[in-house]
1. Between 17, 43, 57, whose Cα lies farthest towards the positive end of the dipole of the stretch 1-90 when Lys and Arg beta carbons carry +1 and Asp and Glu beta carbons carry -1, centred on the Cα centre?
2. Say we join alpha carbon atoms closer than 10 Å with springs in a Gaussian network model of the chain; which of 29, 50, 74 then has the biggest fluctuation?
3. For the chain, what is the charge dipole size about the Cα centre, in debye to the nearest 20, if Lys and Arg each add +1 at the Cβ and Asp and Glu each add -1 at the Cβ?
4. Under a GNM of the chain (C-alpha, springs under 10 Å), which listed residue has the highest mean-square fluctuation: 71, 107, 42?
5. With the full set of protein chains in place, find how many percent of the accessible area of the chain is carbon and sulfur; take the probe as 1.4 Å.
6. From the backbone phi of the stretch 38-52, what are the Karplus-calculated ³J(HN,Hα) couplings (6.51 cos²θ - 1.76 cosθ + 1.60, θ = phi - 60°) in whole Hz, Gly and Pro given as x?
7. Which of the three applies to the stretch 44-121, rounded, prolate or oblate, going by the alpha-carbon gyration tensor with a ≥ b ≥ c and a/c under 1.5 meaning rounded?
8. Do the sum for the chain: with -39,500 (n - 2.57) for every DSSP H run of n ≥ 4, divided by all residues, what is the mean residue ellipticity at 222 nm, to the nearest 500 deg cm²/dmol?
Amino acid sequence: MRGVSFIYDVGAYLETLDRVEKMEAAMFVPAHGKASGDVKGLVRYNRDKVHSVGERILSICEEPVCFERVLREVFKCYGLSMNFEQYVLVGSTVQSYLSWLKDTGKLEAAFEDSMLLWQRI
C-alpha cells in the first residue's frame with residue numbers, strides 16, 4: 001500500500017518501534033528492506049509515517065464523518081485504487097487508526113441517526 005502500510009494495532013506498533021529503536025545488534029533484517037547495522041533511521045521513518053497518516057485522518061475528521069467517508073478520503077489522498085482486497089486491508093488499517101486516535105483522545109465517536117461518526121476533538 002503506497003503511503004498506508006497495513007497495521008493491525010497502531011498503538012502496539014508504535015510500542016514495538018520504541019523497543020526496536022533501543023535494541024542493540026550487529027545486524028537488523030527488516031521484513032521489507034535491506035539488512036543494516038543501524039535501524040534507528042528506519043524506525044524514525046516508520047514512526048513519522050504513522051503520525052503523518054494519523055494527522056491526515058484527523059484532518060478528514062474535522063466535521064463528523066462515517067467510516068466509509070474516511071476510507072474514501074484516505075484512498076483519494078494516497079492515490080489508492082479501490083478493490084475488495086484493498087478495501088479489506090486499508091479498511092482494517094483505517095479502523096485501527098480510528099481506534100488509536102480515539103484511545104489517545106484526539107478523536108471522538110458518536111452515534112447519530114444509527115451511524116457511527118468520527119470527529120476530531
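The values are calculated or read from the model by the stated rules, or taken from the named source; none is laboratory data. The model shown is predicted, which means the values in this text are computed figures rather than measured ones. With ideal geometry, Cβ positions are generated from the backbone for all residues, glycine too; neighbour counts draw on all protein chains shown. Note: accessible area is taken over every heavy atom of the protein model, side chains too, but ligands, DNA and RNA are not part of it. Shrake-Rupley method; radii C 1.70, N 1.55, O 1.52, S 1.80 Å.
1. Of the options given, the answer is 43.
2. Largest GNM mean-square fluctuation: 29.
3. 460 debye
4. 42
5. 53 percent
6. 10, 9, 4, x, 5, 4, 4, 4, 5, 5, 4, 5, 4, 5, 5
7. Oblate is the answer for the stretch 44-121, as a/c is 1.5 or above yet b/c matches or exceeds a/b.
8. Dividing the helical sum by the residues of the chain leaves -18000 deg cm²/dmol.
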